[in-house]
C-alpha cells in the first residue's frame, strides 16, 4: 500500500478497535445486568434484549454507519413467516432485533448455543440451534416441530440460507434448508438483501462509515415446488444484493474493498467509469 493508504488503514483500525471495544464492553455489562432475568418470565428478558440492541445500534451509528431500511411493506402484518436473509456481517442480527417487534426467532449454528451468556440468553428467548448437515430423522423432525410451533404463534423466523457470513465477492453458497421448510410447512418466505458487508465485514479492522441498507423483497408465497422455490430465492436475494452493492460502489465515497471483492466490483460497474477505492 502507498503511504496515504497506510494512513487510511491505521485511522480506520484505531477507530474500529475503539468502537469494537465499546461494543463488547457494552455487551458484557448488559449480559451481567440481564443475567438474573434468566430466572424470570421470558418477556422480561425480551425487553432487556430489545433495549440492549437499541444501545448497540447507537454504537454502530457512532462508527459512522447509518442504516436505511426498505421494503417493510413486504412484511406481512399478521401470520408467521420466514425471513431468508443474506449474511455478510454481524450487524444483521442487531438490525433485526432493533427493527422487528414480533420477537423474531433466529436459526443459528448449534455451537453458538453452547457459549456462556450468549447461549443461555438465546435459549431463553427461543432461538434455535441447528447442526449444519443434520440428517438424523428424529433431529430433523424435532426441528420441524419447533418451526411449526413458531409459525402457529405468528412469529417471524430468521434464516441465513448460506449458513455463514459471506465476504463481498464470494460465490453464493445456498443450502436447501429453507426450501425444505417452505415445502413441508407451506410458509411464506421473504427474501432479504443487504450491503452490510461493505461496512462491517468479518475482518474487525476494516469497519468503514457509510450507508448500510437492508431491503425486504417481495414475498415468495407457498405453492412452488422445491426446485423452483430455490431458484426464485437465490435469484431474488442475489439480484437484490447486487443492486445494493452497485448503489454503494457508485456512491461518492465507496468503502474500500479487499482483493476478493475487486473483480466482483469491477463486474458490477463495468458499464461506468466510477473509480473504486482500494485502501
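Multiply the residue gap between residue 140 and residue 69 by 0.36 nm, knock off their C-alpha separation, and tell me the result in nm, one decimal place.
On the way: separation 71, 0.36 × 71 = 25.56 nm, distance 3.38 nm.
Length difference between fully extended and current span is 22.2 nm.
Using only Cα atoms, tell me the angle between helix 259-268 and the longest principal axis of the chain; keep it within 0 to 90° and round to the nearest 10. Here the helix axis deviates by roughly 90 degrees. For the stretch 65-268, the share of DSSP beta bridges that are antiparallel, to the nearest 5, is 15%. Given a Förster radius of 22 Å and the C-beta distance between residue 152 and residue 221 as r, what FRET efficiency does 1/(1 + (r/R0)^6) yield to the nearest 0.05? The calculated FRET efficiency here is 0.75.
Taking square-rooted eigenvalues a ≥ b ≥ c of the alpha carbon gyration tensor, is the stretch 160-279 rounded, prolate or oblate, where a/c under 1.5 means rounded and, failing that, a/b exceeding b/c means prolate? Judged from the Cα gyration tensor, the stretch 160-279 comes out prolate (a/c at least 1.5, a/b above b/c). For the chain, the longest principal axis of the C-alpha atoms and the axis of helix 42-62 are separated by about 10°. In the chain, Cα pairs under 8 Å separated by at least six residues give a relative contact order of 24 percent. Dividing the helix sum by the residues of the chain, where each DSSP H run of 4 or more adds -39500 (n - 2.57), gives a mean residue ellipticity at 222 nm of -15000 deg cm²/dmol. Once the Cα atoms of helix 226-249 and of the chain are each reduced to a long axis, what angle between those two axes, in degrees from 0 to 90 to the nearest 10, is obtained? Long axis of 226-249 versus the principal axis of the chain: about 30 degrees.
Taking the highest mean first, how do the peptides 105-115, 218-228 order by number of other beta carbon atoms within 10 angstrom per residue? Show your work: numbers first, answer last.
Details: 105-115: 16.3, 218-228: 13.4.
Peptide ranking by packing, descending: 105-115, 218-228.
None of the figures in this text is laboratory data; all of them are computed from the coordinates on show. Just so you know, these numbers come straight off a predicted model, no measurement behind them. All Cβ positions, even for glycine, are placed from backbone atoms using ideal geometry, and neighbour counts span all protein chains on display.
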